[in-house]
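Student: Below is one structure. I have some questions about it.
Since every read-out is calculated from the coordinates, none of them should be taken as a lab result. Predicted model only: the values in this text are computed from it and were never measured. Cβ sites come from the backbone with ideal geometry, for glycine too, and all protein chains shown count toward neighbours.
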């Protein structure tokens, strides 16, 4: 166990304490079993280590990586028992999706060590009902999204800008320090790199590409228990999506174009969506019920498009992708029957500065979302303002 403590202390020493994500305050760290899920690279590990350091819990805590070589000869249960016997109170397990039968062992820890608090992080794919045990009644899970435009500005400039509600945004009220600072100056860079905290890394593109490849080649196949042949088909589908977004979903034509089994496609898309590599826009029925019909595919965020595309991605696609990425973190964002998106009965048409009102002219509660304007005017709202939703 000494090697685990040594590694924990080294990581703790290197953990930056300059900026904390808003979610740190909203997470109930006191619960016995806590899960923090999200896409690779969004800062789950940093959030956990910052919490330990900020609360002064170093002496009572242990942070481990679930794929550490230690677990080739020991189990999570054995570690938890030994840690608790030495006076440990808080066990943090990172990337738990890399540990086989993780949920069964977490349940065992929950049942046998009632005084031990466990926090784990993992892929957004994780299902509490999988892995050999149903943890849904025992665990509280939180989702950590990619970085919003507001968070990017705060980290980049050392600001403390506050989030805005949807109604505030529709009135043009966001906490941006105008004057010598102009939002559009920052927005282009955000669209290329700002969804991840390592945006300043010189190897940003390489790092993000590695995250995408690892998710497709290792994480999803492990989660879905895929064969090598199925993994190759999944990679083929991801490549197709990255070259054709947004994709109007037609399983028959997609299966024909990709030479895949039509029955496999919905399952593959579900895996990619759970892993937050793609976003699936669904349509709404004529009534209040939402049909689970997939209608349109986007890459999860425009940073991915810049990394995966051999050339600059289509501006219109990137606009829609980031609007969808932001709004779905707070709302159920659906495809509009007359325009691009619908959120809580409000209709949104996304475009550039010259985008007209014709498409939503007779739509009550309709808005034009433009990506190259600074201020809201009537029902025309700057796209960047929606990056203040969280």
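Student: Does the stretch 310-390 come out rounded, prolate or oblate, given a ≥ b ≥ c as the square roots of the eigenvalues of its C-alpha gyration tensor, rounded meaning a/c under 1.5 and, failing that, prolate meaning a/b above b/c? Working shown, then result.
Tutor: Numbers: a/c = 1.38, a/b = 1.16, b/c = 1.18.
Judged from the Cα gyration tensor, the stretch 310-390 comes out rounded (a/c under 1.5).
Student: Still on this model: For the chain, what is the largest minus smallest coordinate of the Cα atoms on each principal axis, given in angstrom and ordered from greatest to least?
Tutor: Cα spread of the chain along its principal axes, largest to smallest: 69, 55, 43 Å.
Student: Using r as the Cβ-Cβ distance of residue 156 and residue 75, and R0 as 41 Å, what FRET efficiency do you calculate, to the nearest 0.05? The partial results should precede the final answer.
Tutor: Details: r = 42 Å, r/R0 = 1.03.
With a Förster radius of 41 Å, E is 0.45.
Student: Return one quarter of the surface area of the convex hull spanned by the alpha-carbon atoms of the stretch 153-211, equal to its mean projected area, in nm². Display every interim value, and only then the final one.
Tutor: Working: hull surface 20.5 nm².
The Cα convex hull of the stretch 153-211, projected and averaged over all directions, gives 5.1 nm².
Student: Would you mind computing, in nm to one decimal, how far apart the modelled labels at residue 244 and residue 189 are, each placed 7 Å from Cα along Cα→Cβ?
Tutor: My value for the distance between the label points is 3.6 nm.
Student: How much length would be gained if the chain were fully extended between residue 25 and residue 362, taking 0.36 nm per residue of separation minus their Cα-Cα distance, in nm to one decimal?
Tutor: Values: separation 337, 0.36 × 337 = 121.32 nm, distance 4.23 nm.
Taking 0.36 nm per residue and subtracting the Cα distance, the gain is 117.1 nm.
Student: Within the P(r) computed for the stretch 1-149, what percentage of the Cα pairs occupies the region above 25 Å?
Tutor: Details: 2390 of 11026 pairs.
Of the Cα pairs, 22 percent sit more than 25 Å apart.
Student: With the crude spin-label approximation of a point 7 Å out along Cα→Cβ, what separation in nm comes out for residue 209 versus residue 1?
Tutor: 4.3
Student: Which value at 222 nm does the chain reach when only helices count, each DSSP H run of 4 or more adding -39,500 (n - 2.57), with the total divided by all residues and rounded to the nearest 500 deg cm²/dmol? All intermediate terms of the calculation are to be shown ahead of the outcome.
Tutor: Working: 15 runs with 144 residues, N = 390.
The helix contribution divided over the chain gives -10500 deg cm²/dmol.
Student: Here's another thing I want to ask about it. Just want the ordering: 141, 342, 332, from fewest to most Cβ atoms lying within 10 Å of their own Cβ. Walk me through the numbers before you get to the answer.
Tutor: Working: 141 16, 342 22, 332 12.
Ranking 141, 342, 332 by Cβ neighbours within 10 Å, fewest first, gives 332, 141, 342.
Student: How big is D, in µm² s⁻¹, for the stretch 127-183 by Stokes-Einstein at 37 °C and 0.692 mPa s if Rh is the Kirkwood radius over C-alpha pairs?
Tutor: 223
Student: Let me ask you something else. Round to the nearest 0.05 the FRET efficiency obtained for residue 13 and residue 167 when R0 = 41 Å and r is the Cβ-Cβ distance.
Tutor: Working: r = 44 Å, r/R0 = 1.07.
With a Förster radius of 41 Å, E is 0.40.
Student: Let me ask something else. Binning at 5 Å from 0, report for the stretch 199-330 what percent of all alpha-carbon pair distances ends up in each bin.
Tutor: Whole-percent P(r) values from 0 Å outward: 2, 10, 19, 22, 21, 15, 7, 3, 1, 0.
Student: Among 322-330, 345-353, how do they line up by average Cβ neighbours within 10 Å per residue, starting with the highest? Each step should come with its number before you reach the end.
Tutor: Numbers: 322-330: 21.6, 345-353: 17.4.
Listed from highest to lowest mean packing, they are 322-330, 345-353.
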